[in-house]
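These notes are about the structure you will find just below.
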Amino acid sequence: MTHLLAHAGHAGHGPAWPGVVALLLLACLVLAVDLRRSGRRR
Amino acid sequence: MSTVLTSHRDHSTGPVRELLGNRPLQAFLAVWAAAVAYIALADRSVLPLSDQEPAAYFTGVLGAAVSLALLFRLARGTAPVDARTGPSFREPGRETALLLGWMALVVGVGSLFDLRTHIAFVGLSEGPQQMWDAETAGSALAWAAYNFLALAAAPYLWFRYRLGYSPASMLLRFPRPRVWVPYFLVIGTLGFVFAITPEFTSTPLSAHALTLVLFTLGSFVPIAITTQALLAPRLAHLSGSWVTGAVLSAVAYGALNITEAFLAWGSTPQVLLSLAWFMQVAFWGLVKAITTLRTGNAWLHIATTHTIHLVEAPAVASTFDLR
């Protein structure tokens, strides 16, 4: 199992970028929906 | 900004119908089921720590379903938290985007220092111990401190004192304690006793206490504040449905845990299996958000999904040299 841990990094964690991208995309989606709604209200 | 938990809806059967008839939830569960099948059939050795027996994990899924069934029974007579019945928000869209951006920053900055949201994902049978073997007392304390400051203290202080939201509007009260305190104790205990090992019973009391403190600071409270108290009710408000809000919260929770040791994205088989495991992590985010939004209580998800971490006491004892 040692080689698998080494494969994951010395502290054993995967890369952050997929989560960062997903969270930022979700944030953009929320803002887009919010802007569209506030545009309709006006 | 008060939480109103009564309306003219039929609260005994309405929320169940809303749950079962929700299209985003149906889509989520279809993808989740496909992911389960993929994990069962695929070559799991392509990912680190992933080639292990997942039977215990799926037993936990069954336990969560039973816990939620009981929760729905006990919550009859109260409305779920949505745009009609939940707290009112000043700028829900901007506040939600701010939260999601903050979560992205916390994940990104944390990864630079080997700090992740889960110190170990307990769902995989032998995985947690191997991950704990790579930890020291210092790294475990740093993990707890980082998550507490970044996902509990900072967001709470900002929303409480900068934006002026009351604890009630953050679902941080504990309504109907005569119902939910016994539920919390019973379900929270059942959530980890099945995973107790012989080492657990011989672990010193000090290690059990430290485990409780460590996970309260590093996991229970941070997840309660950021994802349950702040994010889930806003997503329910914005989407117009508490169930859709729970599904969106689930995806955000999965993304927050993207640095799990068993996820990697270097090849097509790794990406497919990582996506399948991502759906499993997101599933627990779904159970958390359904718990929160159905009851209006941001603490109860600790009982339905989080107390499993208490079985890590032997690993904590070893890491902190408590014998």
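The numbers here are math on the coordinates, done by the rules we state, and not lab data. Worth saying up front: this structure is predicted, and the values here are computed from it rather than measured. Neighbour counts are summed over all protein chains in view; Cβ atoms, including those assigned to glycine, are modelled from backbone coordinates with ideal geometry.
Counting neighbouring beta carbons within 10 Å and listing from fewest to most, the residues B:Leu25, B:Leu190 come out as B:Leu190, B:Leu25.
In plain terms, if you count all Cα to Cα distances in the protein assembly as shown and split them into 10 Å steps from zero, the share in each step is 5, 25, 35, 25, 9, 1, 0 percent.
Charge dipole of chain B (Cα centre as origin; +1 on each Lys and Arg Cβ, -1 on each Asp and Glu Cβ, all else neutral): 1500 debye, rounded to the nearest 20.
With the alpha-carbon atoms of segment B:113-226 aligned to their principal axes, the span from lowest to highest coordinate is 46, 40, 25 Å, starting with the largest.
The simple Förster model, with R0 at 51 Å and r as the Cβ-Cβ distance, assigns B:Ser88 and B:Phe194 a FRET efficiency of 0.80.
Remark: mean inter-chain Cβ contacts per residue of A:28-37 equal 5, using a 10 Å Cβ-Cβ cutoff to other protein chain atoms.
Positive end of the dipole of chain B (Cβ unit charges, origin at the Cα centre): among B:Leu105, B:Gly245, B:Val271, the Cα lying farthest that way belongs to B:Gly245.
When +1 charges are put on Lys and Arg Cβ atoms and -1 charges on Asp and Glu Cβ atoms, the dipole computed for the protein assembly as shown relative to its Cα centre reaches about 2020 debye. Give the separation of the Cα centroids, segment B:63-104 to segment B:25-48, in Å. One Cα centre to the other: 26 Å.
Averaged over peptide B:244-256, the number of partner chain Cβ atoms lying within 10 Å of each residue's Cβ comes to 2.
Cβ crowding within 10 Å, taken as a proxy for footprinting-reagent exposure, orders B:Asp82, A:Asp34 from fewest neighbours to most as A:Asp34, B:Asp82.
Per residue, how big is the convex hull of chain B when only Cα atoms are used? Give it in Å³. Let's see the in-between values first.
Working: hull volume 41.0 nm³, N = 323.
Convex hull volume per residue, Cα atoms: 127 Å³.
Overall form of segment B:133-291: rounded. Here a/c, set by the Cα gyration tensor axes a ≥ b ≥ c, is under 1.5. Here B:Arg160 and B:Leu272 are evaluated by their C-beta separation; at R0 = 45 Å the FRET efficiency comes out at 0.60. Relative protection proxy for B:105-113, B:178-186, from highest mean packing down: B:105-113, B:178-186 (other beta-carbon atoms within 10 angstrom).
Going by neighbour counts of Cβ atoms within 10 Å, the residues B:Glu18, B:Glu135, B:Glu199, B:Glu312 line up, fewest first, as B:Glu199, B:Glu18, B:Glu135, B:Glu312.
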